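S.K.: Have a look at this one.
The values are calculated or read from the model by the stated rules, or taken from the named source; none is laboratory data. The structure displayed is predicted, hence computed values, not measured ones. In this analysis, Cβ positions are derived from the backbone assuming ideal geometry, glycine residues included, and neighbour counts consider all displayed protein chains. Ligands, DNA and RNA are excluded from the accessible area calculation, which covers all protein heavy atoms including side chains. Shrake-Rupley method; radii C 1.70, N 1.55, O 1.52, S 1.80 Å.
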Amino acid sequence: MSGVGRRLAQVAAAAVLVVAAAIVALVVVTSATGGRSVSESTGTTPAPAHRSTVARHVPSAAERTRAAQDAGIDRVLRRTPYVVAGGGEKRELSLTFDDGPGPYTPHVLDVLRRLHAPATFFTIGFMIPLFHQALRREVGMGTDAAIGDHTEQHPMMTHLSPAAQ
């Protein structure tokens, strides 16, 4: 296999992993607790109910959903600290795609368009001549896509010395 062919295979494999990771992150972040209460999903024991003359606040469905989502986000952040900040006004997830355009880019663009989901694409210079039509489609998405530079050759960082990295 030629160097370019091997590199294309590596980039294609990386693209598949990135898409799979994005899907897993979406499912984890947005999934409900599977019918369990928030206390069950977080592993805590609910406080015992006491009779009191003071009215207790009963969380609404929206508050319970929000608490379940927050617990899910906390579980993800304990495993991977890559999401480090976000806005407090609304719940958002940023989709980014590195190392393209590639052979899977047209399918990714079809899904994003169908879901009306914006995304950011970071292109590698040497991939552009190989998949220029996909890049044209990215550009054609207008405000639903941002395009950034992700180097010309994108060397495999694990194969470089610390000084070269």
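S.K.: Any idea how many residues of the stretch 120-140 are in a loop (DSSP other than H, G, I, E, B) and open to solvent by 40 Å² or more (accessible area, probe 1.4 Å)? Talk me through it step by step, then tell me what you get.
M.R.: Step one: filter the stretch 120-140 for residues in a loop (DSSP other than H, G, I, E, B), giving 124, 128-131.
Filter once more, keeping what is open to solvent by 40 Å² or more (accessible area, probe 1.4 Å): 128-131.
Of the residues in the stretch 120-140, 4 are in a loop (DSSP other than H, G, I, E, B) and open to solvent by 40 Å² or more (accessible area, probe 1.4 Å).
S.K.: Based on what the data block shows, is PRO103 open to solvent by less than 80 Å² (accessible area, probe 1.4 Å), in a loop (DSSP other than H, G, I, E, B) and at pLDDT 90 or above?
M.R.: Details: open to solvent by less than 80 Å² (accessible area, probe 1.4 Å): yes; in a loop (DSSP other than H, G, I, E, B): yes; at pLDDT 90 or above: yes.
So PRO103 passes the test.
S.K.: From the residues in the stretch 141-155 that are open to solvent by 60 Å² or more (accessible area, probe 1.4 Å) and assigned to a helix (DSSP H, G or I), which one is nearest to TYR104 (Cα to Cα)?
M.R.: My answer is ASP144.
S.K.: On to the next question. For the stretch 46-57, indicate whether the set of residues that are open to solvent by 70 Å² or more (accessible area, probe 1.4 Å) and either within 25 Å of THR151 (Cα to Cα) or modelled with pLDDT of 90 or more (or both) is non-empty.
M.R.: no
S.K.: Does THR65 fit the bill of being assigned to a helix (DSSP H, G or I) and at pLDDT below 85?
M.R.: Numbers: assigned to a helix (DSSP H, G or I): yes; at pLDDT below 85: no.
The answer is no for THR65.
S.K.: Given the structure, is GLY88 within 22 Å of MET157 (Cβ to Cβ) and part of a loop (DSSP other than H, G, I, E, B)? Before the answer, list the steps.
M.R.: Numbers: within 22 Å of MET157 (Cβ to Cβ): no; part of a loop (DSSP other than H, G, I, E, B): yes.
So GLY88 does not fit the description; no.
S.K.: Output the number of residues of the stretch 106-155 satisfying the condition of being within 26 Å of LEU93 (Cα to Cα) and in contact (Cβ under 8 Å) with a residue 24 or more places away in the chain. Quick ask: steps written out before the conclusion?
M.R.: Taking the stretch 106-155 as the starting set, the residues that turn out to be within 26 Å of LEU93 (Cα to Cα) are 106-124, 134-151, 154.
Narrowing further to those that are in contact (Cβ under 8 Å) with a residue 24 or more places away in the chain: 106, 108-109, 112-113, 116-124, 134-135, 137-138, 141, 143-151, 154.
Final tally of qualifying residues: 29.
S.K.: Follow-up question, since we're still on this one. Please state which of the following conditions THR158 fails to meet, knowing it meets all the rest: (1) loosely packed, with under 11 Cβ neighbours inside 10 Å; (2) under 17 Å from SER94 (Cα atoms); (3) hydroxyl-bearing (Ser, Thr, Tyr).
M.R.: (2)
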